[in-house]
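Scroll down for the structure; my scribbles are underneath it.
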Amino acid sequence: MIEYWNPLIERMPLEELNKLQEGKLKSTVRYVYERSDFYRKKFDEAGIKPEDIKTLADVVKLPFTYKKDLRDTYPTGMFCVPNEQLARFHVSSGTTGKPTVVGYTKNDIHEWTTSLARAMTSIGVGRGDVIQVSYGYGLFTGGLGLHYGAEEVGSTVLPTSSGNTEKQIELMQDLGTTTMACTPSYFLFMTEMAKSMGISLKDDTKLKIGIFGAEPWSQQMRARIEEVTGIKAYDVFGTSELSGPLFTECTYQDGIHIWADQFLIEVVDPRTGIPLPDGERGELVITTLAKEALPLIRFRIGDNTVLNREPCRCGRTHPRIMRILGRVDDMLIIRGINVFPGQIESVLMNIPEVGEHFQIIVDRINELDVMTVQIEMTDAAFSDKVNDIIKLEEKVASALHKVLNLAVKVELVDHGSLPRSMGKSKKVIDKRKL
Amino acid sequence: MENKIIKQISLFSENKPGRLANIADKFRDAGVNIRAFTIAEAGDFGIIRMVVDDPDLAHEVLHNSGFTVSETNVLGVEMVDVPGGLAKIADVLGKENINIDYAYAFVTKIEKALLILRVNDIGAAVNVLERNNIKLVDMKDIEDI
Ligand SMILES: [Zn+2]
């Protein structure tokens, strides 16, 4: 039987859901126009008044907001409530320049918690589960976000935060963790560490569910994680500018459910900003419909995805996005060809001899872009005949060439020699910067 | 036949300085003695092949140090004249359609030349070589040299 956190909302007939969304969109637009100098100025410049937004389709008339806007208005220039109404700040360190600050009213935190409570229920996490939250706690949204969601559904939280992996594995065994929440690369790191401690996550723990996110990971990596550790691995999605982790897939693992009563999503062409037909790959754009402190209007998240409005087999009517296919700005342009690290990962994970660890190095040699994919040697792939290894390198190179339409140099490297990340994995080294 | 098979240690290594010294250190600490040693290089990587007095211990030591390592079954032939001997062996095996994957020779402490061979059908190779009166060494001989 399928369980819902809020069956009324989650299974609401599409027509009703659209009506609800439309009302919330109109009130959000009015709300930001009245309360935020930033939005008023932006709307005025675009020649838009709140009353111009009459239907859901009118959303395309609204101007986009960007990460840059959050940095430019640092720290709280875009906020719609005075600071004394805030219950919390989260801060994400920007890779360029100023960090971004996101404020939450008590109600914002409640909405955030509700979103995750629905998500966790949809993957079967609830009372009786022990959730080990190995996302970072603190200014980063991952840890606290999942923590609140887990408590809301009645689970027991083990707030380990990230790091100290051996201890984490001990606690996982001793306290009977059933659900891990962390980045997929950290989970792989953990699996390896457990193995070196003589512990099999499959046989020696109660783990059954993983809530993995904060970095893109492929379908093949999921298959591998599920096979090696015997758990069901679910994708969690969110971004610090909205409120960290918010949404997951349901048990059908067929797209991430985005709660339409809280968020309005579009997928646009990343270059032109023009909305794309459903099913086409483009950049995700989100408008918040329930946020008080920092509502975002047509926010350009920078993630690539595909939108699916078909109701899900689980009975939920809210739209889904296909698993995030990488960041718009992670895209590498090599000899004029667009390459996403996720594509490379997909190819590699389909080759049984290739292990989990790889690294992409891009360089410019004699005015020509050269991409090298380094793969760690595994016991399973090792042959003591030089030709066998060269053949494996050629096999991988030709599989990559087929998918990317690009000649790639493949190098097998020593097991354990590529950097293991504790959080987000650094899979691309671009040496071309000059 | 079994006792004519020598367990060779093979390991994968990027061509990086310091790797060999590292292996030598590990073996010294564990009391493993290398009898024969060769590196097959191919661009960015190499395969180090070794005959040691205690292959199981060597395998464990290297594996625990994080190397990608395997034990490979090879044959050892004691010979007086290496080039001539190799030609004869290749000839004898070739007639039976047995391929030599690789071979390397080294001189023992007691100044005998030893040829190590990996073939595609080790059982058949032992049979053929013995029929042709080519003497194969065993693990016991390796420990003693
Ligand atoms: Zn579903």
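The values are calculated or read from the model by the stated rules, or taken from the named source; none is laboratory data. Every value quoted in this text rests on a predicted model; they were computed, and no experiment measured them. Every residue, glycine among them, receives a Cβ derived from its backbone with ideal geometry; neighbour counts consider all protein chains shown. The area values use the complete protein model at the heavy-atom level, side chains included, leaving out ligands, DNA and RNA. Shrake-Rupley method; radii C 1.70, N 1.55, O 1.52, S 1.80 Å.
Worth pointing out:
- Cα convex hull volume per residue for the protein assembly as shown (Å³): 190
- Within-15-Å neighbourhood charge of residue A:23 [Cβ basis; K, R +1; D, E -1]: -1
- Based on Cα contacts under 8 Å between residues 6+ apart, the range A:1-328 shows a relative contact order of 19 percent.
- Two-decimal log10 I(q)/I(0) for the range B:1-54, as the Debye equation yields it once each C-alpha is a single scatterer, q = 0.12, 0.16 Å⁻¹: -0.31, -0.53
- Look at the stretch A:382-392: the mean tally of other chain Cβ atoms within 10 Å of its residues' Cβ atoms is 6.
- Of A:408, B:37, A:340, farthest towards positive along the dipole that unit charges on Lys, Arg, Asp, Glu beta carbons give the protein assembly as shown: A:340
- Cα-based shape type of the range A:250-337, given that a ≥ b ≥ c are square roots of the gyration tensor eigenvalues and the cut on a/c is 1.5: oblate
- Dipole magnitude for the range B:74-144: about 120 debye, using +1 per Lys or Arg Cβ and -1 per Asp or Glu Cβ, origin at the Cα centre.
- For the range A:267-311, GluC sites (Glu not before Pro) meeting the loop criterion (DSSP other than H, G, I, E, B) and having at most 15 other Cβ atoms within 10 Å: A:280.
- Gyration tensor (alpha-carbon) shape descriptor, the range A:263-416, a/c threshold 1.5: prolate
- The charge dipole of chain B, taken about its Cα centre with unit charges on the Cβ atoms of Lys, Arg (+1), Asp and Glu (-1) only, comes to about 240 debye.
- Loop sites here are trypsin sites (Lys or Arg not before Pro) outside DSSP states H, G, I, E and B with no more than 14 other Cβ atoms within 10 Å. The longest part of chain B free of them is B:1-108.
- Note on residue A:365: accessible area is roughly 90 Å² with a 1.4 Å probe, heavy atoms of protein only.
- Charge-dipole axis of chain B as Lys and Arg at +1 and Asp and Glu at -1 on Cβ define it, positive-most pick from B:84, B:23, B:67: B:84
- Accessible surface of residue A:92, taken over heavy atoms with a 1.4 Å probe and every protein chain present, rounds to 30 Å².
- Simple Cβ-charge dipole of chain A, Lys/Arg +1 and Asp/Glu -1, about Cα centre, in debye nearest 20: 820
- CD proxy at 222 nm, helix term only [per DSSP H run n ≥ 4: -39500 (n - 2.57); per residue of the protein assembly as shown; nearest 500]: -10000 deg cm²/dmol
- In this assembly, the B-A interface accounts for approximately 1500 Å² of buried accessible surface in total, computed with a 1.4 Å probe and without ligands, DNA or RNA.
- The range A:76-93 and the range A:1-43 have their alpha-carbon centroids 21 Å apart.
- Charge tally in the Cβ shell below 13 Å around residue B:97, where Lys, Arg are +1 and Asp, Glu are -1, residue B:97 excluded: -2
- Highest-fluctuation residue, A:126, A:416, A:163 considered, GNM on chain A with Cα pairs under 10 Å: A:416
- The tail of the calculated P(r) for chain B beyond 24 Å holds 32 percent of all Cα-Cα pairs.
- Top positive-direction residue, dipole computed over chain A with Cβ charges, set A:233, A:355, A:119: A:119
- Rel. contact order, % - alpha carbon contacts under 8 angstrom, at least six apart, the range B:2-72: 45
- Comparing A:318, A:110, A:257 in a Gaussian network model of chain A where C-alpha atoms under 10 Å apart are linked, the largest mean-square fluctuation is found at A:110.
- If you take the alpha carbon atoms of the range A:20-144 and fit the smallest convex hull around them, that volume is 148 Å³ per residue.
- Each Lys or Arg adds one and each Asp or Glu takes one away; over the other residues whose Cβ falls under 15 Å from the Cβ of residue A:168, this sums to -1.
- Measuring between alpha carbons in the structure, the pairs from A:49/A:98; B:26/B:112; A:49/A:291; A:42/A:291; A:409/B:26; B:7/B:135 lying more than 24 angstrom apart are A:49/A:98; B:26/B:112; A:409/B:26.
- Gaussian network model of chain B, springs between alpha carbon atoms under 10 Å - residue of B:84, B:31, B:18 with greatest fluctuation: B:18
- Ratio Rg/Rh, restricted to the range A:123-214 and using Cα atoms, in which Rh is the Kirkwood radius: 0.94
- Ranked by solvent-accessible area (1.4 Å probe, protein heavy atoms only, all chains present), the residues A:10, A:152 order from largest to smallest as A:152, A:10.
- Fraction of beta bridges assigned by DSSP in chain A that are antiparallel (%, nearest 5): 60
- The relative contact order of chain B comes to 29 percent, based on Cα pairs under 8 Å that sit 6 or more residues apart.
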